[in-house]
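FYI, it's all coordinate maths here, none of it is from the lab. Keep in mind the model is a prediction, meaning the values are calculated, not measured. Cβ sites come from the backbone with ideal geometry, for glycine too, and all protein chains shown count toward neighbours.
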2 protein chains.
Amino acid sequence: MQMGKQSLFFEEAPYIISSANIVGTKEGMGPLKDYFDVIGGDDQFGQNTWEEAESTLQKEALTMAAGKAKKTMEEIRYLFAGDLLGQTIATSFGLMDFKIPLFGLYGACSTCGESLSLGAMCVAAGYADCVAAVTSSHFASAEKQFRFPLEYANQRPKSATWTVTGSGAFILGKEKSKAKITGITTGVIEDYGIKDSMNMGAAMAPAARAVIRQHFKDFDRKPEDYDLIITGDLGTIGQEILIKLLKDDRYDISQVHRDCGIEIYDSKTQGTGAGGSGCGCSAVTLSAYYLKQIKEGVLKRILFVPTGALLSTVSFNEGMSVPGIAHAVVIEHEVN
Amino acid sequence: MQMGKQSLFFEEAPYIISSANIVGTKEGMGPLKDYFDVIGGDDQFGQNTWEEAESTLQKEALTMAAGKAKKTMEEIRYLFAGDLLGQTIATSFGLMDFKIPLFGLYGACSTCGESLSLGAMCVAAGYADCVAAVTSSHFASAEKQFRFPLEYANQRPKSATWTVTGSGAFILGKEKSKAKITGITTGVIEDYGIKDSMNMGAAMAPAARAVIRQHFKDFDRKPEDYDLIITGDLGTIGQEILIKLLKDDRYDISQVHRDCGIEIYDSKTQGTGAGGSGCGCSAVTLSAYYLKQIKEGVLKRILFVPTGALLSTVSFNEGMSVPGIAHAVVIEHEVN
């Protein structure tokens, strides 16, 4: 096992056997609309509450991903899963019927990176032939959780991001596929003292910078070694900050940087402020858009870096800052 | 690597190099008062808010545990940590200054079992020489989160449990000590449709039963193979249900069963209802009380089974049930 300060290199890299994604109506009208597996007819997905709707997203994403991988639920040994809601109830109620041993995770919007990291570690260690990583977010349940119920018609500043309604599920395992996870760099919490919960891109950019910089050091690589470096949901403001911060570290990622939050909506016509956000943002964008390009070999190697803002309404109301965390995952095209 | 359906047996068992615990005033007046490392003079621990107080518990517990293990923070490669609060803010704000790569977890009151499991997996796989597992809860922050702020002087039914104010931290690694983790059984969510959030023992007992039963099958063991089988926070009502349910499965654990929630308070004189609860309950009771007996060889082998109730105020108010989850960890005395 090769290791860097915060990194693991997998000698026998676990494969992403399959993935699946499901999104809401707004995502289904955005630039990536042709790539998603399922676009809901409305955002309630047949449920009575927004939280149940979000649970349904996880249930559907995992069911589809397992189907694509031709795996029964019994063959999936562990679930690594989480969401943004208090006590991660979307995950608990979404996945409980599957009766698969569950490691519940909370990493805010970085959870997709955390779940892929732990899932890959688990498979690479030989603890499982097959595991699943599942994350979700829902615009309406997140607004209710973090801001105001939609019925209040609250206004938002332009720096605010728009929580993606969607869930992405990934089946990882030893079975060969065209995409593999060759390494991970696990992030630490970075706190630059930002207190504006409506500007989460700025709050998360330092964490993305720290983990990407450490990744380059641990792997002895530079931006040009990646076809793309893809953050989770920094949005337009966070992207600018990230690129600038990494320039201070003498890394120029401006040519290869993408952000799932920027890609998923057309902010100009969709009124989504600085971009998309939420656990579901990076998960569905990776599953629907980037992973396809990896599997086809259009992209050979990417660094996928979901970013999370570690706040709650309680911490915010108590005047605490909004620290960030980000986890980096190296995903490569498998040639053979 | 030997494996059962939901279990892993570690051939090279990771050691619990050290652990530390800190509790509040009520715990410091209970039956285990002589065992705790630190008992706070008041429950605010010098902070302005209950949430910051809980963060301080994690910070102190980890600092003490690292000190006992003679490890610097740089030597701890990963943190596996969580708490009960929405978006696990006690963990984020408590551990961020350490700058250690963090895997944030949410498993309700089962989180101590989840963190020990993932930490042990990580060390046994060779991913780290040394990791830390940290969990906490605080009576006042939990009441505010799940029930009512203390100032409301809300009354509680006798079936309710009392959230423990405390944090336990465990340093796991390859370095030999007198206690080791020889196996784990990872739980699935069990939902018996219980909707009474004031009777969490009943809600969690089915999950404890399921994971203990599966553990016996996977390890081909029976209750007599353990000196003690210790659940997290079922309390008196949950204990009765668990023993009965396992009798239905032809396992009689009545002689060896203990529950941290029952041990930590004297319910008759302390007014703690059915017993203690919270992430901190099992963590501090293991650290202060049972682990000492393991290290001394008074106990040779225990099954430690933290139990979690997967609810939030939102799920409860929306009329959802309270599903449970539990994770089992085998801890053994190291003879050499």
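Highest GNM mean-square fluctuation, chain B, Cα pairs closer than 10 Å: which of B:D248, B:D34, B:D218?
B:D248
How big is the gap, in Å, between the Cα center of region B:249-291 and the Cα center of region B:189-205?
17
Could you rank the peptides A:302-312, B:98-108 by their average count of other C-beta atoms within 10 Å per residue, with the highest value first?
Highest-to-lowest ranking by the protection proxy: A:302-312, B:98-108.
Considering amide H positions built from the backbone, and no H for Pro or chain starts, which residues 5 or more places from B:Y106, or on another chain, come under 5 Å of its amide H?
It is A:G104, A:L105, A:Y106, by chain and number.
Suppose we keep just the DSSP beta bridges with both residues in region A:2-173; what percent of those would be antiparallel, to 5?
60
Taking every pair of distinct Cα atoms and averaging 1/r, then inverting, what Kirkwood hydrodynamic radius in Å comes out for region A:19-72?
With all distinct Cα pairs of region A:19-72 included, I get 11.6 Å.
Quick check: Cα centre of region A:88-158 to Cα centre of region B:93-151, how many Å?
Region A:88-158 and region B:93-151 have Cα centres spaced 17 Å from each other.
Round to the nearest 0.05 the FRET efficiency obtained for A:V335 and A:Q155 when R0 = 60 Å and r is the Cβ-Cβ distance.
0.75
Where the only charges are on Cβ atoms (+1 Lys, Arg; -1 Asp, Glu), what is the dipole of region B:144-197 about its Cα centre, to the nearest 20 debye?
Dipole magnitude for region B:144-197 comes out near 280 debye.
For region B:225-233, take each phi angle, set θ = phi - 60°, evaluate the Karplus expression 6.51 cos²θ - 1.76 cosθ + 1.60, and give the result in whole Hz per residue in order, putting x for glycine and proline.
6, 10, 5, 8, 10, 10, 7, x, 8
Can you tell me the dipole magnitude for chain B around its Cα centre, using point charges on the Cβ only (Lys, Arg +1; Asp, Glu -1), in Debye to the nearest 20?
Dipole magnitude for chain B comes out near 500 debye.
Note down the magnitude of the dipole of the protein assembly as shown about its Cα centre, charges +1 on Lys and Arg C-beta and -1 on Asp and Glu C-beta and zero elsewhere, to the nearest 20 debye.
For this selection, approximately 720 debye.
So in region B:179-333, what percent of DSSP beta bridges are antiparallel if you round to the nearest 5?
Within region B:179-333, antiparallel bridges account for around 65 percent of the total.
Per residue of chain B, what 222 nm ellipticity follows from adding -39500 (n - 2.57) for every DSSP H run with n ≥ 4, rounded to the nearest 500?
-9500 deg cm²/dmol
Would you work out which of B:S115, B:Y127, B:Q44 lies farthest towards the positive end of the dipole of region B:2-173? Charges go on Cβ: Lys and Arg +1, Asp and Glu -1.
B:S115
Compute from the Cα atoms of region B:1-50 the Rg and the Dmax, the latter being the longest Cα-Cα distance, and quote both in angstrom.
18.2, 49
Using Cα positions and a limit of under 14 Å, work out the aspartates and glutamates in reach of A:K99, with same-chain residues fewer than 8 apart set aside.
Within the straight-line cut-off, A:K99 pairs with A:E74, A:E75, B:E190, B:D191.
How big is the convex hull of the Cα atoms of region B:2-173, per residue, in Å³?
136
Which distances, in nm and shortest first, link the A:F9 label point to the same label point in every other copy, taking 7 Å along Cα→Cβ?
Those label-point separations list as 3.5 nm.
Arrange the following residues from fewest to most other Cβ atoms within 10 Å of their Cβ: B:E143, B:E334, A:E296.
A:E296, B:E334, B:E143
Taking the number of other C-beta atoms within 10 Å as the exposure measure, put A:I325, A:I230, A:I237, B:I76 in order starting with the fewest.
Exposure proxy ranking, most exposed first: A:I237, B:I76, A:I230, A:I325.
Once label points are set 7 Å from the Cα along Cα→Cβ at both A:Q255 and A:E296, what is their separation, rounded to one decimal in nm?
Here the answer is 2.3 nm between the modelled labels.
Among bridges DSSP assigns within chain B, what percent are antiparallel (round to 5)?
For chain B, the DSSP antiparallel bridge percentage is about 65.
Please compute the Cα-Cα pair-distance distribution of chain B with 10 Å bins starting at 0, giving whole percents from short to long.
Taking every Cα pair in chain B, the percentages come to 6, 30, 38, 22, 4, 0.
Are any of the pairs A:K26/A:K295; A:K59/B:K158; A:K176/A:K244; A:K68/B:K5; A:K222/B:K5; B:K217/B:K268 more than 32 Å apart by Cα-Cα distance, and if so, which?
In this structure, A:K59/B:K158; A:K176/A:K244; A:K222/B:K5; B:K217/B:K268 exceed 32 Å between Cα atoms.
Once you keep just the Cα pairs under 8 angstrom separated by 6 or more residues, what percentage relative contact order results for region A:2-173?
Across region A:2-173, relative contact order equals 31 percent.
Using amide H atoms built 1.01 Å from N in the peptide plane, name the residues 5+ places from B:S277, or on other chains, whose amide H lies under 5 Å from its own.
Here B:W162, B:T163, B:V164 satisfy the definition.
Just going by the charge dipole of the protein assembly as shown, with Lys and Arg at +1 and Asp and Glu at -1 on Cβ, which of A:L303, B:F139, B:M64 is farthest out on the positive end?
Of A:L303, B:F139, B:M64, it is A:L303.
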